[in-house]
Amino acid sequence: MSDLQAPRPVPDGERVVRTGGDGTDGIVRCERCGASEATLNVATGMLRCNFCRFEWSTQNALQAFDLDGAIGDLSGVVVGSGTADVTADPAVTLRCTACGADVVVDTTAAVHARCHWCRNTLSLTEQVPNGAVPDMLLPFSVSKDEAVKHVAEFVRKRTFYAHPRFRAEFQPENVMGVYLPYMVVDVNAHATVTGEGEHQTRSYTVQVRDSEGKTRSERRYDADVYDVRRSFDLHVDDLTVESSAQRLDRDTARTSNNVINTILPFDVENGVLYDPRYLQGFTSERRDVDVGVLRPAVLGQVSDIARWRVDETIAFYDRGVRWDTTDVDVRGERWVSAYLPVWLYSYLQTKRDGSTLLHYVAVNGRTGETMGSVPLNVPRLALVASVVEVFGAAAAAVLWVLT
Amino acid sequence: MTGVQALAAAADVTASLGSSDEGSGKVMLLLLLLAGPLYAGWVHLRYRNTDKRHHHESETRSDMLDVQAQDVRTGARTGLRSSRMQGANSRKVRAP
Ligand SMILES: [Zn+2]
Ligand SMILES: [Zn+2]
């Protein structure tokens, strides 16, 4: 307990774990036939050569970089090199190792490009320090067919009040596989939560006289009051937060990003080394938010977890506890940037006043968990709600007369 | 939107009045009078899911170790009307 009082300096020296490739930009070749194109086989989770069908798997990322050590041993800040601050200039020039041409890749749009001279696929395997390439990636394991089924099923249960235009244009086949950028964070912290709790000592009835002089019985309670304090080590594993400014916008009047947030968590412990060939056939969104910007939100979530866990220890306070302070003292943190797989069905609703609202149905590309937003047929809902209101008011009148 | 607000307000009122016999009668009356907005709010949430989010507090793996409890009895309260402590917030995610 005594070390709690000692001021603990904020760790400033970062240890960066290099997660980049072997240093050869350009063409990644099939080990068997030398072809430069391969794609993810969703059924096996392995990469498959587009020409000879040879399949191979990629190493587990956290093990490969030794980023899965005990959280209790974490001290200071450890980051994967893929979490580097994103830079203003996202363009990177790659030299084609087949023909020698210089090809510029705009990393806001893609992390690979086709050489326009020899048509080999050039990939950004070497991490350039602009944050465009993540430390790891979790390949899709939910196929497009499954995703289409999940989206169709979700919307089928919500058709009666769906906006007629949405209903007419709904085509679940238009679902898109997107790798979205996240930060995966482990935190080694010491938490102290203080407040006040009440423990019931007696429960009894008393006779109360109301304004009309009638007496009736009411229940009363006696309680002991305690100052409550809990202090403990907290190891948080794979806390996952969005790392794109667009996805962090949670204004439900504009977007339905909250439904994409809802399909968390992912089995990020199964993430593999980043390999651009996993992105073939999918789209990806670039990270544009850095560790420093996300840290306050991450610490806020760690506080939430601390209070949630501490609930297990306050059963004695059967009338409840009111927490007044939560202090989280971070001893170590580990940040890894990741591409995580999401199937997205999107629909842009333009309202009569010209404002727009972006609706999504999102399917977790690993677990199949589905959540969405369906635009409403407001006039129809208002009509039915009015009918419900008429019956409700009538029932209320009957109840009033009877009592 | 008003429907969603009606839902939230009704939940609060139900929680504060619901414990006694007399209170539950009032709650019933209130719910019936607000039946239209409550229904609209329920449909709104079912279609738009604006209240949904990832429950990071319970869905993130965590370990709690070396727990130290320091509790001190500071007094007693008698004749309380509610069965729950006033201001209890241990299940609120964004408590202090
Ligand atoms: Zn091959
Ligand atoms: Zn070339």
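The values are calculated or read from the model by the stated rules, or taken from the named source; none is laboratory data. Nothing here was measured: the structure is a model prediction, and the numbers come from that model. Because the Cβ atoms are built from the backbone with ideal geometry, glycine has one as well, and the counts that use them run over all protein chains shown. Surface areas here come from the heavy atoms of the whole protein model, side chains and all, with no ligands, DNA or RNA. Shrake-Rupley method; radii C 1.70, N 1.55, O 1.52, S 1.80 Å.
Things to note:
- Interface area, B with A, accessible, probe 1.4 Å, both sides summed, Å² nearest 100: 6500 Å²
- Under 15 Å from the B:Arg77 label point (7 Å along Cα→beta-carbon), backbone N, the stretch A:204-232: A:220-228
- Exposure ranking of A:Asp186, A:Asp311 by accessible area [1.4 Å probe, largest first]: A:Asp311, A:Asp186
- In the stretch A:198-307, trypsin sites (Lys or Arg not before Pro) in a DSSP loop with at most 13 other beta-carbon atoms within 10 Å: A:Lys214, A:Arg254
- Computed accessible area, A:Asp275, all protein chains, 1.4 angstrom probe, square angstrom: 20 Å²
- Per-residue accessible area (protein heavy atoms, 1.4 Å probe) orders A:Thr205, B:Thr60, B:Thr78 as B:Thr78, A:Thr205, B:Thr60, starting from the largest.
- Full extension of the chain segment joining A:Ala395 with A:Leu299 gains 29.6 nm, where the gain is 0.36 nm per residue of separation less the Cα-Cα distance.
- Out-of-range pairs (alpha-carbon distance over 29 Å; input A:Lys351/B:Lys52; A:Lys214/B:Lys26; A:Lys351/B:Lys92; A:Lys157/B:Lys92; A:Lys351/B:Lys26): A:Lys351/B:Lys92; A:Lys157/B:Lys92; A:Lys351/B:Lys26
- Fully extended contour minus Cα-Cα distance, from A:Thr159 to A:Ala70, at 0.36 nm per residue: 27.2 nm
- Solvent-accessible surface (1.4 Å probe) assigned to A:Arg331 amounts to roughly 60 Å².
- When the stretch B:32-96 is reduced to its Cα atoms, the Kirkwood hydrodynamic radius in Å: 17.3 Å
- Using the Cβ-Cβ distance between A:Leu358 and B:Lys92 with R0 set to 30 Å, the FRET efficiency from 1/(1 + (r/R0)^6) comes to roughly 0.50.
- With a 10 Å cut-off around each Cβ of A:299-309, the average count of Cβ atoms from other chains is 6.
- Of the residues A:Ser203, A:Ser244, the one with the largest accessible area comes first in the ranking A:Ser203, A:Ser244, computed with a 1.4 Å probe on protein heavy atoms.
- Net lengthening on full extension, A:Glu269/A:Ser217 (0.36 nm per residue, minus Cα-Cα): 12.9 nm
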